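What follows is a single structure, written as structure tokens, with notes after it.
The values are calculated or read from the model by the stated rules, or taken from the named source; none is laboratory data. None of the values given here were measured: they were computed from a predicted structure. Here the Cβ positions follow ideal geometry from the backbone for every residue, glycine too, while neighbour counts run over all protein chains shown. What goes into the accessible areas is simple: the full protein's heavy atoms, side chains included, and nothing from ligands, DNA or RNA. Shrake-Rupley method; radii C 1.70, N 1.55, O 1.52, S 1.80 Å.
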There are 2 protein chains.
Amino acid sequence: MYSRGMSTADRLVEATRELLWERGYVGTSPRAILERAGAGQGSMYHHFRGKPDLALAAIRRTAEALLAQADEVLSGPGSPYERIEAYLRRERDVLRGCPVGRLTMDPDVVADDALRAPVDAAIARIRERIAGLVEEGKAQGQFAAGLDAGEIAALIVATVQGGYVLARASGSPEAFDAGVRGLLALLRPE
Amino acid sequence: MYSRGMSTADRLVEATRELLWERGYVGTSPRAILERAGAGQGSMYHHFRGKPDLALAAIRRTAEALLAQADEVLSGPGSPYERIEAYLRRERDVLRGCPVGRLTMDPDVVADDALRAPVDAAIARIRERIAGLVEEGKAQGQFAAGLDAGEIAALIVATVQGGYVLARASGSPEAFDAGVRGLLALLRPE
DNA sequence: GTCTATACGATGATAGAC
DNA sequence: GTCTATCATCGTATAGAC
């Protein structure tokens, strides 16, 4: 239940974002959203056309937020390797998983181009930013010249997304951290 | 709808396995299972205590099947690197995702120790088999002695699981293959 | 073993009062 | 803008006949 100056529409979107993260699209009911947002049926259908419309607003905000987080670390200080390390090691609530990546396991999201678009765009954008860093690192001699920047970027993002899967399977963040350490060991210059 | 000599109980389990893969636990209803299995309510509640019980049987079979598939490639012919490559490049229906990894995004599966156990065991087992191969490769000088076999194994499994996420986000297997190529480039001996 | 009947709460949405 | 009916359908399960 939210209170601080948020509009009803914003509270609905925030409640939906949380529930999509926890339970996915199929597992998220309007009823649960309304309860968490402290709103009535009428409010929701006044501000949004229905569940897919509200979910779209929520997914867009979540995708934006993830991208902003990633951009912050990736354009931070340090060498390309150090910035990639910062991205991989940044604080995460590993067992909650990725609020964006999670949606790719939702058949109703993947089947709907409008719902999938923000997910696709956010992940593609992060891949591009990382690929740019890898290119930079290659130019500086920090990474081997033979590496394909796009492939390494895909590997880095996949390691994070897959790390969540391993962690949730075992009920512990250990496997996530292990995968990250393994990747950094292979990427480390010298 | 199945027909070939399968028992009703088996048809129910197979239908459940398919639906869990496609739609996850929350997205799979007894009704849909019955329809796909060509069975009535009575049959299901005769053979199983309810949805969680049937899902458990289905998850166990799927976990076993995945493990068997992985074991086959990992204990196949070739050097450690070649067997890891065979595992990473083995034919997959990438856009369908991993029938086991997928379940980790299901809150009701993760919250239930009995349902999560087979998922955890299958993934842990694959990690161990790969870690053994990495150790072997280190002993043969194929991999750098400084690498941690457990970390590299976590990285390899995470790359596969994360590759599915990237592929489903973009609606194309390309990102999966890119991540795999990136990983193989970093692991390649010489 | 399998079927039909029945039950009750949840889902996703509409209508209309205030 | 928000609230309270109201609705048809689905989800999950039980009971009891055959």
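Looking only at region A:93-116, how many residues end up being assigned to a helix (DSSP H, G or I) and at the interface with chain B (Cβ under 10 Å from one of its Cβ atoms)?
12
Considering only residues that are over 30 Å from residue A:106 (Cα atoms) and facing chain A (nearest Cβ under 8 Å), look in region B:131-156 and name the one that is surrounded by the fewest Cβ atoms within 10 Å (Cβ to Cβ).
B:146
So that you can scan it fast, the table gives a plain yes or no per residue for (1) within 14 Å of chain B (Cβ to nearest Cβ); (2) within 12 Å of DNA strand D (Cβ to nearest atom):
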residue: A:12; (1), (2): no, yes
residue: A:17; (1), (2): no, no
residue: A:23; (1), (2): yes, no
residue: A:30; (1), (2): no, yes
residue: A:37; (1), (2): no, yes
residue: A:55; (1), (2): no, no
residue: A:58; (1), (2): no, no
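Got a number for residues in region B:44-53 being part of a helix (DSSP H, G or I) and within 7 Å of DNA strand D (Cβ to nearest atom)?
Final tally of qualifying residues: 3.
Search region A:1-43 for residues being surrounded by 21 or more Cβ atoms within 10 Å (Cβ to Cβ) and either over 24 Å from the mean Cα position of the chain (by Cα) or in a loop (DSSP other than H, G, I, E, B) (or both), and hand back the single one that is nearest to DNA strand C (Cβ to nearest atom).
A:28
The rows are residues; the columns are (1) within 14 Å of chain A (Cβ to nearest Cβ); (2) over 22 Å from residue A:27 (Cα atoms); (3) surrounded by fewer than 20 Cβ atoms within 10 Å (Cβ to Cβ); (4) out of contact with any Gly (no Cβ under 7 Å at 6 or more places or on another chain).
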{"site": "B:45", "(1), (2), (3), (4)": "no, yes, yes, yes"}
{"site": "B:52", "(1), (2), (3), (4)": "no, no, yes, yes"}
{"site": "B:65", "(1), (2), (3), (4)": "no, yes, yes, yes"}
{"site": "B:82", "(1), (2), (3), (4)": "no, yes, yes, yes"}
{"site": "B:118", "(1), (2), (3), (4)": "yes, yes, no, yes"}
{"site": "B:122", "(1), (2), (3), (4)": "yes, yes, no, yes"}
{"site": "B:127", "(1), (2), (3), (4)": "yes, yes, no, yes"}
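What single numbered condition from (1) within 16 Å of DNA strand C (Cβ to nearest atom); (2) within 30 Å of residue B:179 (Cα to Cα) fails to hold for residue B:69?
In the conditions (1) within 16 Å of DNA strand C (Cβ to nearest atom); (2) within 30 Å of residue B:179 (Cα to Cα), residue B:69 misses (1) alone.
Of these, B:181, B:188, which one is charged (D, E, K, R) and touching a residue at least 12 places away in the same chain (Cβ under 8 Å)?
It is B:188.
Which condition breaks for residue A:152 when tested against (1) more than 29 Å from residue B:117 (Cβ to Cβ); (2) assigned to a loop (DSSP other than H, G, I, E, B)?
(2)
Go through region A:67-79 and give me each residue that's assigned to a helix (DSSP H, G or I) and either closer than 16 Å to residue A:108 by Cβ or open to solvent by less than 30 Å² (accessible area, probe 1.4 Å) (or both).
Result: A:70, A:74.
Within region B:98-116, which residues are crowded, with 24+ Cβ neighbours inside 10 Å and free of Cβ contacts under 8 Å to residues at least 24 places away in the same chain?
Listed by number, the list holds a single entry, B:104.
Take residue A:87 and decide whether it is away from DNA strand D (no atom under 16 Å from the Cβ), in contact with a Leu (Cβ under 6 Å, 6 or more places away or on another chain) and either open to solvent by less than 20 Å² (accessible area, probe 1.4 Å) or modelled with pLDDT of 95 or more (or both).
It is true that residue A:87 is away from DNA strand D (no atom under 16 Å from the Cβ), in contact with a Leu (Cβ under 6 Å, 6 or more places away or on another chain) and either open to solvent by less than 20 Å² (accessible area, probe 1.4 Å) or modelled with pLDDT of 95 or more (or both).
If you take the residues in region B:157-190 that are assigned to a helix (DSSP H, G or I) and hydroxyl-bearing (Ser, Thr, Tyr), which one is farthest from the other protein chains (Cβ to nearest Cβ)?
B:164
Kindly evaluate residue B:78 against the criterion of being more than 16 Å from DNA strand D (Cβ to nearest atom), within 14 Å of another protein chain (Cβ to nearest Cβ) and at positive phi.
Taking the combined requirement at face value, the residue does not satisfy it.
Which members of region A:82-133 meet the condition of being in contact with a Ser or Thr (Cβ under 7 Å, 6 or more places away or on another chain) and of a type outside the set (Gly, Ala, Ser)?
Answer for region A:82-133, where residues must be in contact with a Ser or Thr (Cβ under 7 Å, 6 or more places away or on another chain) and of a type outside the set (Gly, Ala, Ser): A:99, A:100, A:110, A:119, A:120.
Which of the residues belonging to region A:135-155 are under 13 Å from residue B:182 (Cα atoms) and not hydrophobic (A, V, I, L, M, F, W, C)?
Within region A:135-155, A:146, A:148, A:150, A:151 meet the criteria.
Out of curiosity, is residue A:99 over 30 Å from residue A:139 (Cα atoms) and within 14 Å of DNA strand C (Cβ to nearest atom)?
Answer is no for this residue.
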